[in-house]
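The values are calculated or read from the model by the stated rules, or taken from the named source; none is laboratory data. Because the structure is predicted, anything quoted here is derived from the model rather than measured. Cβ placement follows ideal geometry from the backbone for every residue including glycine, while neighbour counts extend to all protein chains displayed.
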Amino acid sequence: MLEGDLADALPRLKREVAGDLFMHGSGEFAYALAQQGLIDEYEIYVNPLVWGKGNVHVLGDRGTVRMRLADVRRFDSGVVLLTYLPGS
């Protein structure tokens, strides 16, 4: 658990821990780290599934739709277009 100012606490933690530090989840925490220049690298994962349960109902309660990656297109802006086809 980090205590105090992020700009002081995170570099201290990096010195104390062998290896990389990873942060998953919280957009607010990631934003706070980014605003202070404390993120060295971003990894963004896309899980090609559509679930039918939860707060956002795409398919109602009909289950899961699996997809397979068909194409990846990278733009100069850094945007990546991932094209999926039905299947597993």
Margin query: So, in region 2-33, how many residues would count as being on the phi < 0 side of the Ramachandran plot and either polar (S, T, N, Q) or part of a loop (DSSP other than H, G, I, E, B) (or both)?
Written below: 11
Item checked: Filter pass, residue 18 being modelled with pLDDT of 85 or more, surrounded by 12 or more Cβ atoms within 10 Å (Cβ to Cβ) and more than 18 Å from the chain's Cα centre (by Cα) -> no
Next item on the list: Confirm whether residue 10 is surrounded by 13 or more Cβ atoms within 10 Å (Cβ to Cβ) and modelled with pLDDT of 75 or more.
Entry: yes
Notebook entry, point to check: Just a yes or no: is a residue in region 68-84 in contact with a helix residue (DSSP H, G or I) (Cβ under 8 Å, 6 or more places away or on another chain) and at pLDDT 80 or above?
Noted result: no
